[in-house]
Amino acid sequence: MTTKELRNERLAQTIIKNLKRRHIEGFYCPTGADAVNKVVELIEDGSSVTWGGTMTVRDLGIPEALKRRGTLEVIDRDLATTAEEKQSMYLRAFSTDVYLSSANAISEDGVIVNIDGNGNRVAAITWGPKKVIFVIGLNKVAQTVEAALARARSTASPVNAARFDIKTPCQTDGVCHNCNSADSICNYVHFLRNSPRGRHQVELVGEDLGY
């Protein structure tokens, strides 16, 4: 084990301990491949499953792994061909057994931070699906909640604005302006600090994933 791998293991175990006191079950996956296998393991046969706007889940190939399994109802919103169909899938997400997401940041003491433009992702994280599984690369760990929010606003949001080619000030210079742009993708700020009824699980992955 390299010194970086050792540090990642120790950091992940510290966060997992802090998640536990927030009634959130945590796991550490050293590699992306381990994370894919763990997601598949955590979802029971016959479950309905979908995901939010997460590049981590897509880049790891989790949707394809779930479809190959053949025993799940997979609701793939990426296959929607119209705005109406996509909206219908957004609404169906609230009645699924499992909702997959990543995070814009997570603090060392286990608070998960997300920022949304439309709000469908943070809404499903908050209420609806029976279980929510986060897949979070250790590159998204911040020392404090304040630092996690800063990361979400100053790192994740400008990158996502560029990815969607949204005309916001941060797309121009890469800096958060705390704007009130009509095109802002920072309309809903969500802090998950405790999991009622233990709905949430977190996979921490020892790789750089997402934005």
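The values are calculated or read from the model by the stated rules, or taken from the named source; none is laboratory data. Everything quoted here is computed from the prediction, not taken from an experiment. Neighbour counts run over all protein chains shown; Cβ positions are idealised from the backbone, glycine included. Accessible surface is based on the protein model in full, side chains and every heavy atom, while ligands, DNA and RNA are left aside. Shrake-Rupley method; radii C 1.70, N 1.55, O 1.52, S 1.80 Å.
Of the listed requirements (1) surrounded by fewer than 17 Cβ atoms within 10 Å (Cβ to Cβ); (2) out of contact with any Gly (no Cβ under 8 Å at 6 or more places or on another chain), residue 32 misses just one: (1).
Answer yes or no as to whether residue 68 is over 24 Å from residue 155 (Cα atoms) and either buried (at least 22 other Cβ atoms within 10 Å of the Cβ) or at pLDDT 95 or above (or both).
Numbers: over 24 Å from residue 155 (Cα atoms): yes; either buried (at least 22 other Cβ atoms within 10 Å of the Cβ) or at pLDDT 95 or above (or both): yes.
Against the criterion (over 24 Å from residue 155 (Cα atoms) and either buried (at least 22 other Cβ atoms within 10 Å of the Cβ) or at pLDDT 95 or above (or both)), residue 68 qualifies.
Filtered by the rule that a residue be more than 30 Å from residue 162 (Cβ to Cβ), out of contact with any Ser or Thr (no Cβ under 6 Å at 6 or more places or on another chain) and touching a residue at least 12 places away in the same chain (Cβ under 8 Å), region 38-60 gives 38, 40, 42, 43, 44, 46, 47.
Summed over region 31-49, the residues that are part of a loop (DSSP other than H, G, I, E, B) and within 17 Å of the chain's Cα centre (by Cα) give a count of 2.
Within region 13-30, residues that are part of a strand (DSSP E or B) and of a type in the set (D, E, K, R) reach partners that are at pLDDT 95 or above and open to solvent by less than 70 Å² (accessible area, probe 1.4 Å) with beta carbons closer than 9 Å, at six or more positions or on different chains, in the pairs 25/16; 25/19; 25/195; 25/200; 25/201; 25/202.
Go over the candidates 155, 126 one by one and state the one that is out of contact with any Asp or Glu (no Cβ under 8 Å at 6 or more places or on another chain), closer than 30 Å to residue 3 by Cβ, touching a residue at least 24 places away in the same chain (Cβ under 8 Å) and surrounded by fewer than 20 Cβ atoms within 10 Å (Cβ to Cβ).
Working: 126 fails: closer than 30 Å to residue 3 by Cβ.
Sole residue among the options that is out of contact with any Asp or Glu (no Cβ under 8 Å at 6 or more places or on another chain), closer than 30 Å to residue 3 by Cβ, touching a residue at least 24 places away in the same chain (Cβ under 8 Å) and surrounded by fewer than 20 Cβ atoms within 10 Å (Cβ to Cβ): 155.
Cβ-Cβ contacts under 7 Å between residues 6 or more apart (or on different chains), taken from a first residue in region 65-83 that is over 18 Å from residue 93 (Cβ atoms) to a second residue that is part of a helix (DSSP H, G or I) and open to solvent by less than 30 Å² (accessible area, probe 1.4 Å), are listed as 65/36.
Candidates 183, 173, 208, 165: the one that is open to solvent by 40 Å² or more (accessible area, probe 1.4 Å) and under 19 Å from residue 119 (Cβ atoms) is 183.
For the condition at pLDDT 90 or above and either among the aromatic types (Phe, Trp, Tyr) or open to solvent by 60 Å² or more (accessible area, probe 1.4 Å) (or both), what is the one hit in 194, 114, 139?
Working: 114 fails: either among the aromatic types (Phe, Trp, Tyr) or open to solvent by 60 Å² or more (accessible area, probe 1.4 Å) (or both); 139 fails: either among the aromatic types (Phe, Trp, Tyr) or open to solvent by 60 Å² or more (accessible area, probe 1.4 Å) (or both).
Going through 194, 114, 139 in turn, just one is at pLDDT 90 or above and either among the aromatic types (Phe, Trp, Tyr) or open to solvent by 60 Å² or more (accessible area, probe 1.4 Å) (or both): 194.
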